[in-house]
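The values are calculated or read from the model by the stated rules, or taken from the named source; none is laboratory data. Given the structure is predicted, the values throughout are model-derived calculations rather than measurements. Positions of Cβ are generated from backbone atoms using ideal geometry, with glycine treated the same way; all protein chains shown enter the neighbour counts.
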Amino acid sequence: MGSRRCAERLAGLTAAVAFLLGVSSDAQSATATCPAKPVAQVFLPWADPAWYESVPDGGFEADAAGWTLRGGAAVVDGNEPYSVRGRSDRRSLALGDGAWASGAPACIAVGHPTLRFFVRNTGSSLGRLQVSAEFVDALGVPRSLLIGTVAGTAAWAPSPPVPITINTISALAVNEVRFRFAPSSGDWRIDDVYVDPYGKG
């Protein structure tokens with residue numbers, strides 16, 4: 001009886017290991033498929049040497065193509081003043097009380113990637129902009145994880161680097177992440193959303 005129980009346990013353990021190895025292999029393969037995109041040291045003038053790539057329509061020049069805008073969130077005239085994407089850029093995203101915006105999926109690799117963008121708040125100085133990562137876990141369950149809370153001033157400024165911490169809650173590579181921006185209060189603008197996808201900095 002004891003040997004049969006040991007055999008059953010061993011079989012179960014073998015199956016579990018095989019499953020985990022298979023999932024890990026799939027995750028690693030999926031990570032390898034992240035398309036190469038142009039990268040630049042966008043925030044170098046602010047002493048950040050990391051190489052960043054834009055999230056899909058991160059400058060909102062295509063009218064937030066692929067983004068989900070709710071609660072009055074809207075693309076408006078007026079670009080961040082540094083024109084890091086180009087002098088022809090003319091738009092940014094406005095977020096008031098009750099508004100939120102969720103970006104198109106961005107491909108993220110394992111490591112310590114970070115998110116960074118330009119921001120200003122001309123409303124209440126007590127307001128904060130909450131930044132969340134939305135993704136589907138290895139079991140196919142949609143998740144939302146708060147990864148940062150950003151303060152803003154009336155003048156445009158780069159946000160602090162926001163660590164994308166979803167890898168700390170899963171041993172698996174998470175590929176596609178949507179970044180959600182939602183103010184607690186205030187009158188916010190964001191522009192030029194970038195991600196350092198591999199933690200190269």
- prompt: What strands (runs of 3 or more DSSP E) completely inside region 72-129 contain at least 3 residues that are farther than 28 Å from W51 by Cβ?
  reply: 74-77
Criterion: among the hydrophobic types (A, V, I, L, M, F, W, C), under 24 Å from E176 (Cβ atoms) and free of Cβ contacts under 8 Å to residues at least 12 places away in the same chain - qualifying residue of A138, A62, A133: A62
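Among what's in region 131-164 and is part of a strand (DSSP E or B) and more than 12 Å from the chain's Cα centre (by Cα), pick the residue that is surrounded by the fewest Cβ atoms within 10 Å (Cβ to Cβ). Even if it seems obvious, please write down each step before you answer.
If we filter region 131-164 for residues that are part of a strand (DSSP E or B), which is where we start, we get 131-136, 142-150, 157-158, 162-163.
Imposing the further condition that a residue be more than 12 Å from the chain's Cα centre (by Cα) reduces the set to 136, 142-143, 149-150, 157-158.
Details: V136: 15, P142: 8, R143: 16, T149: 11, V150: 18, A157: 16, P158: 19.
Applying the filter and picking the extreme gives P142.
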- request: Return the only residue of A109, A94, A64, A101 being touching a helix residue (DSSP H, G or I) at 6+ places or on another chain (Cβ under 9 Å), buried (at least 17 other Cβ atoms within 10 Å of the Cβ), in the same structural domain as R189 (by TED's automatic domain parsing) and of a type outside the set (D, E, K, R).
  value: A109
field: Tabulated pairs, region 145-159, first under 14 Å from D192 (Cβ atoms) and at pLDDT 95 or above, second of a type in the set (A, V, I, L, M, F, W, C) and surrounded by fewer than 15 Cβ atoms within 10 Å (Cβ to Cβ), C-beta under 6 angstrom, 6+ apart or interchain
entry: P158/W46
